[in-house]
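The values are calculated or read from the model by the stated rules, or taken from the named source; none is laboratory data. Values in this document were obtained by computation on a predicted structure and should not be read as measured data. When we count neighbours, we look across all protein chains shown, and the Cβ atoms used for this are built from the backbone with ideal geometry, even at glycine.
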Amino acid sequence: MEGLTSDSSKRAARRLRRGEVVEGTVVQISADSVFIDVGGTSEARVDRGELVDRSGALATKIGDKIRGTVVDARPESLTVAIALGREGAVDVGALQAARDAGSVVLGVVKQAVKAGLEVEVGGVRAFCPASQVEIGRAPDLEVYVGQTFEFRVLEVRDGGKSVIVSRRAELEARREEAARDVLERLVPGAEVDGTVHSITRYGAVIDLGGVEGFVHISEIAHRHVAKVEDAVEVGAAVRVQVLGIEESPKGVRVKLSMKALMDAPRNAVAPNADEVLAGKVVRHTNGGVIVETPSGEGIVPARDLGLPPGADHRRAFPVDREVQVVVTSRDGSGKLRFSVSGVAAVEERRNYREFAAAGKARAASSGLGNLGDIMREKLGLPDLPPAPPSDEPSAGGAPHPASPASGAETSAAVAAPPPEKRVPEKRAQPNQRREGELGVVRRKK
């Protein structure tokens, strides 16, 4: 038997009364009991069964603090119950003390009535309203009949004839305690297990065991998710990664991600520099459009859509429209940023590189290369016809071998005068008449 020396004898012992809520320190642990120092004349005994978890392991150790209700105040048999009602009969005074201290009472559900459950707590009849059975709505009260639960006392009236208890209050208290433990473990990057509590238009609410987190629709999967309910369902167990924690007057907001723990699709390869990607608009944001490509999903900011100022990007780029984009950036988490207006510049650079490469190849094959030939080849134009024979003498003074004319003929051609230039006759306009045709007589002055 484990033990810790008690110093209760060194203090002025006080008399405890039945129903009083006390807090003590664990000083001994035996096979069937846990003893705590509550400042009385002797240590109080707590049934070991009240301090084991669901697996049967003892959930406390020497030095821990335990809070309970005195069910037997006699010094020789001082007993404290963690849940009042487990050790037999309970009087009205003990229920009132449990109400004031907010301690737990143990009750057995006897029957389900229209408005709630009839519960027996240590021989005292109590009532649990239907709204106080669960944190949420309890659809079928009959399933609780015959079971034993822990309750909190809400009201004790008419000398104990009317006792109102709540199972919901106890569940919420446990939830708050669990939430404190969970919050200590919730740091950015941590991986935790949870359950899908509810689904909204913009994502899923995840119950992390006392704390609720939110997974935005964009963080559910690497692929585009049109509807949240197509990817997750209420009640499903999920594993998520903590993205961030924000505290506000309304409470703690935990941002989660499911896709952060998923492998990226195999076809989502990183694009090369200046690579034009074929994509499709999948949804809109206030600042642009989201485009899905073989290299992943990313945003095209409104300023990179190539629209005139004031244009509605939702109308210009409706969902399912096919577009061509280029990658402008990729952050540390792999999120892509695209540009539609940047495609033209990328294609111009690519054409220039191809043109330069073709010029180098032609120059290497011919020894010198010709810019006109390269341009004709690039533009797909036909070759020029062969040049006419040249009449100029070769370097040695001899006629060009391709010219059939002799030297005399060439001299005669040079000496021949140029043909006379004919000046076209000026025609009279139809409405003009020569002087004298109409018998015009000029008078002498």
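Structure notes:
- Which listed residue, of 167, 125, is in contact with a Cys (Cβ under 7 Å, 6 or more places away or on another chain) and on the phi < 0 side of the Ramachandran plot: 167
- If the condition is being more than 30 Å from residue 289 (Cβ to Cβ), in contact with a strand residue (DSSP E or B) (Cβ under 9 Å, 6 or more places away or on another chain) and among the small types (Gly, Ala, Ser), then the range 208-231 contributes only 209.
- With respect to the conditions (1) in contact (Cβ under 8 Å) with a residue 40 or more places away in the chain; (2) within 30 Å of residue 319 (Cα to Cα), residue 244 falls short on a single one, namely (2).
- Flag for residue 151 being among the aromatic types (Phe, Trp, Tyr) and either loosely packed, with under 15 Cβ neighbours inside 10 Å or farther than 30 Å from residue 281 by Cα (or both): yes
- Filtered residue count, the range 181-202, keeping only those that are free of Cβ contacts under 8 Å to residues at least 40 places away in the same chain and in a loop (DSSP other than H, G, I, E, B): 3
- Being part of a strand (DSSP E or B) and among the hydrophobic types (A, V, I, L, M, F, W, C) holds for only one residue in 238, 232, and it is 238.
- If the condition is being of a type in the set (Gly, Ala, Ser) and modelled with pLDDT of 85 or more, then the range 16-68 contributes 24, 30, 31, 33, 44, 63.
Every residue, every condition in (1) of a type outside the set (Phe, Trp, Tyr); (2) under 23 Å from residue 257 (Cα atoms); (3) out of contact with any Leu (no Cβ under 9 Å at 6 or more places or on another chain); (4) not in a strand (DSSP E or B), yes or no:
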| residue | (1), (2), (3), (4) |
| --- | --- |
| 290 | yes, yes, yes, no |
| 297 | yes, yes, no, no |
| 307 | yes, no, yes, yes |
| 318 | yes, no, yes, yes |
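- Answer from 138, 98 - the residue that is without any contact (Cβ under 8 Å) to a residue 24 or more places away in the chain, surrounded by 14 or more Cβ atoms within 10 Å (Cβ to Cβ) and not in a strand (DSSP E or B): 138
- Among the criteria (1) surrounded by fewer than 18 Cβ atoms within 10 Å (Cβ to Cβ); (2) under 30 Å from residue 293 (Cβ atoms); (3) free of Cβ contacts under 8 Å to residues at least 40 places away in the same chain; (4) within 16 Å of the chain's Cα centre (by Cα), the one residue 205 does not fulfil is (2).
- Given (1) surrounded by fewer than 11 Cβ atoms within 10 Å (Cβ to Cβ); (2) farther than 27 Å from residue 50 by Cα, index of the condition residue 184 fails: (2)
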